[in-house]
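The values are calculated or read from the model by the stated rules, or taken from the named source; none is laboratory data. Bear in mind that the values here come from a model prediction, so they are computed numbers and not experimental data. Ideal geometry is used to build each Cβ from the backbone, glycine not excepted, and the neighbour counts take in all protein chains shown.
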Amino acid sequence: MSEALLIARGLHKAYGANLVTSDLSFEVHQGETLAILGPNGAGKTTLFNLISGDVACDKGTLHFDGRLLQRERPFERCQLGIGRTYQIPRPYVGMSVFENLLVAAMFGGRMNEQAAGSFCADVLEQCGLMAKANVLAGELSLLDRKRLELARALASRPKLLLLDEIAGGLTDEEADKLVQLVLDIKRQGATVVWIEHVLRAVMAVADRVMVLNFGAKLTEGTPQAVMADKDVQRVYMGIEA
């Protein structure tokens, strides 16, 4: 098995009496795509926030690329190689699509302007946004905002890519386009952790699936084994055994 890029041990996060992550441990290996499933409120996005530095752990440790993560702020973790998207896209709406990527490449990927410009053009082409490079981000459709959200994460040159429900809110046809794009990124050797509710997307892309419930790990394994698990069917899909 390839080397672990991310190692989480005993992650614990609570807001007052509300426990959102409980003693959560897992690993993500180089080149792997790990999908995270769970009902609403299971702690999935909180887990991403812990990894990206948006919130701090109460207890537990995170090692990334051989380094213990401590109090690094989100932009510092981005510079270390952790790129992420958000459920609701967060572009700079008053800037063009290309300018959004340029900011990510220069400040997240630490590239000079000349190198960043060429690199961002490649990312735009890969994500199907080249024709809209000069369009203001605030004028994009939801599908193109989702593409831009992914493209901005890629422009920071991540070693680990966190995708938070990138197919959410899209039509089946639009979601399939995003799934194909993630598949292309996976084939290039990317390491991906993907929170998703679109099960056909998970089955098409994931090497391994981890299911959360009330902030704790319910099970993990291959997509086929996890989907056949009776507890997963009951908790996640509402199917009584």
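Only a single criterion out of (1) farther than 25 Å from ARG147 by Cβ; (2) in a helix (DSSP H, G or I); (3) in contact (Cβ under 8 Å) with a residue 40 or more places away in the chain; (4) of a type in the set (A, V, I, L, M, F, W, C) is not satisfied by LEU181, namely (1). Looking across the range 13-72 at every residue that is part of a loop (DSSP other than H, G, I, E, B) and touching an Asp or Glu at 6+ places or on another chain (Cβ under 8 Å), the one that is surrounded by the fewest Cβ atoms within 10 Å (Cβ to Cβ) is identified as GLN30. In the set ALA104, ALA133, only one residue is touching a strand residue (DSSP E or B) at 6+ places or on another chain (Cβ under 9 Å), more than 22 Å from ASP207 (Cα to Cα) and surrounded by 20 or more Cβ atoms within 10 Å (Cβ to Cβ); that residue is ALA104. Could you grab me the full set of residues in the range 202-222 that are surrounded by 15 or more Cβ atoms within 10 Å (Cβ to Cβ), under 16 Å from HIS29 (Cβ atoms) and not charged (D, E, K, R)? Scanning the range 202-222 gives VAL205, ALA206, VAL209, MET210, GLY221.
Across the range 173-197, the qualifying residues are those that are within 15 Å of the chain's Cα centre (by Cα) and under 16 Å from ILE88 (Cα atoms), and the one among them that is modelled with the lowest pLDDT is HIS197. For the range 116-123, the condition holds for at least one residue, the condition being that it is within 19 Å of the chain's Cα centre (by Cα), modelled with pLDDT of 95 or more and not assigned by TED's automatic domain parsing to the domain that holds VAL20. Screening the range 210-228 for residues that are more than 23 Å from THR46 (Cβ to Cβ) and part of a loop (DSSP other than H, G, I, E, B) and picking the one that is nearest to the chain's Cα centre (by Cα) gives THR222.
The residues on offer are SER2, SER52, and the sole one that is assigned by TED's automatic domain parsing to the domain that holds VAL192 and within 24 Å of VAL226 (Cα to Cα) is SER2. Return yes or no: is GLN30 without any contact (Cβ under 8 Å) to a residue 60 or more places away in the chain and of a type outside the set (Ser, Thr, Tyr)? Answer is no for this residue. Looking across LEU170, LEU143, one residue alone is of a type in the set (A, V, I, L, M, F, W, C), surrounded by 15 or more Cβ atoms within 10 Å (Cβ to Cβ), outside the structural domain of VAL28 (by TED's automatic domain parsing) and at pLDDT below 95. It is LEU143.
If you go through the range 74-111 and keep only what is in a loop (DSSP other than H, G, I, E, B), at pLDDT 95 or above and within 16 Å of ILE51 (Cα to Cα), you end up with GLY81, THR85.
Touching a residue at least 12 places away in the same chain (Cβ under 8 Å), among the charged types (D, E, K, R), farther than 19 Å from VAL28 by Cβ and in the same structural domain as ALA8 (by TED's automatic domain parsing), is that true of ARG71?
yes
Is there any pair with a first residue in the range 117-131 that is assigned to a helix (DSSP H, G or I) and a second that is of a type in the set (Phe, Trp, Tyr) whose Cβ atoms are under 9 Å apart and which are 6 or more apart or on different chains, and what are they? Sorted first by the residue in the range 117-131, then by its partner, the pairs are GLY117/PHE98; CYS120/PHE98; ALA121/PHE98; LEU124/PHE98. When residues in the range 143-175 are screened for being over 16 Å from ALA104 (Cα atoms), of a type in the set (A, V, I, L, M, F, W, C) and in a helix (DSSP H, G or I), 2 of them pass.
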